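The values are calculated or read from the model by the stated rules, or taken from the named source; none is laboratory data. This is a predicted model, so every value here is computed, not measured. Methodologically, a virtual Cβ is constructed for each residue, glycine included, from the backbone with ideal geometry; neighbour enumeration extends over all protein chains shown. Just the protein is used for accessible areas: all its heavy atoms, side chains included, with ligands, DNA and RNA removed. Shrake-Rupley method; radii C 1.70, N 1.55, O 1.52, S 1.80 Å.
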Amino acid sequence: ELRAAARSAWQAWAPYTEKTSWTLSGTMRDALVASSRTMDQSRLSKDGKGSYLSGPSVSRHLPVAEGVFLAEAAMYLGKEAEARETISAIWDRQDEKGAILSPTGDNRSRDTALAILALFRHAELTQDWTYFNEIYPDAYKGAAYLRELRNVAANDGTANGTYGLIQKGPGDNGLSGVRAEFSDTLLSLAALKLMLETGDRFILEKRSEIREFYGQLRAAFIAA
């Protein structure tokens with residue numbers, strides 16, 4: 001009976017919703033169906049809010065990087081509500097400084113940059129700017145936090161600080177420790193660029209400050 005119920009449930013399930021019109025054939029479709037099913041199985045609801053998790057056991061939590069990429073994949077599958085819940089769960093972690101905390105409680109600049117990137121990208125894909133307008137003040141607060149990380153690094157004696165970059169961080173997710181690296185700066189630049197483009201489009205507040213920070217950080221990165 002359990003097997004029959006499971007089979008019935010999955011036969012009625014669709015890999016993507018009615019909003020998505022593209023299709024694949026053959027093994028490519030099989031891969032799409034399997035991947036979409038895995039994503040659905042990885043979702044977990046906590047405190048009334050669902051989100052995509054990165055793994056089944058010890059890694060069964062929501063790291064920001066994985067959550068951002070899973071949310072965008074969900075958008076391509078037409079799962080707009082599920083993607084929104086995942087991004088919302090990430091933004092719920094923002095602290096009073098503007099930092100997005102990792103599941104372990106660490107302040108990692110890449111997590112803040114990726115959360116900003118996800119917020120703007122989600123609004124682009126949905127063309128629904130309601131949630132974006134609600135969270136934009138928090139996004140600006142996140143950008144100010146990244147700027148502070150750049151300012152703090154200027155006096156810490158590291159290579160990142162010498163070149164005016166975002167402070168050093170765990171470039172490979174911490175496997176080699178915290179070190180001088182470019183990825184946090186690159187992700188910050190990607191987030192700031194999208195913020196600036198959207199700010200100019202909608203004449204958002206404080207975009208001149210974003211433009212100044214982006215210009216400084218981009219010039220520093222190219223020089224480095």
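Restricting the first residue to region 78-96 and requiring it to be of a type in the set (Ser, Thr, Tyr), which pairs with a second residue that is in a helix (DSSP H, G or I) meet a Cβ separation below 8 Å and a spacing of at least six or different chains?
Listed pairs, sorted by first residue: THR86/GLY67; THR86/LEU70; THR86/ALA71; THR86/ALA74; SER88/TYR131.
Name the single residue that is farthest from TYR136 (Cα to Cα) among those in region 153-174 being more than 17 Å from the chain's Cα centre (by Cα) and open to solvent by 70 Å² or more (accessible area, probe 1.4 Å).
Checking each candidate, the answer is GLY157.
Give MET28, MET39, MET75 a once-over and let me know the one that is modelled with pLDDT of 85 or more, surrounded by fewer than 17 Cβ atoms within 10 Å (Cβ to Cβ), out of contact with any Lys or Arg (no Cβ under 7 Å at 6 or more places or on another chain) and assigned to a helix (DSSP H, G or I).
MET28 is the lone residue from the list that is modelled with pLDDT of 85 or more, surrounded by fewer than 17 Cβ atoms within 10 Å (Cβ to Cβ), out of contact with any Lys or Arg (no Cβ under 7 Å at 6 or more places or on another chain) and assigned to a helix (DSSP H, G or I).
Given the structure, is ALA83 buried (at least 18 other Cβ atoms within 10 Å of the Cβ) and either at pLDDT 85 or above or closer than 20 Å to ALA191 by Cα (or both)? Explain how you work it out, then say what you get.
Details: buried (at least 18 other Cβ atoms within 10 Å of the Cβ): yes; either at pLDDT 85 or above or closer than 20 Å to ALA191 by Cα (or both): yes.
It is true that ALA83 is buried (at least 18 other Cβ atoms within 10 Å of the Cβ) and either at pLDDT 85 or above or closer than 20 Å to ALA191 by Cα (or both).
For region 94-130, give me each residue that is among the basic types (Lys, Arg) and at pLDDT 90 or above.
Hits for region 94-130 are LYS97, ARG121.
Which is of a type in the set (Gly, Ala, Ser), assigned to a helix (DSSP H, G or I) and open to solvent by 10 Å² or more (accessible area, probe 1.4 Å), of ALA190, ALA113?
ALA190
Of the conditions (1) under 17 Å from the mean Cα position of the chain (by Cα); (2) modelled with pLDDT under 90, GLY177 satisfies every one except a single condition; which number is it?
For GLY177, the exception is condition (1).
Tell me, please, whether a residue that is surrounded by fewer than 19 Cβ atoms within 10 Å (Cβ to Cβ), farther than 17 Å from GLY98 by Cα, out of contact with any strand residue (DSSP E or B) (no Cβ under 9 Å at 6 or more places or on another chain) and among the acidic types (Asp, Glu) can be found in region 131-138.
The answer is no; no qualifying residue exists.
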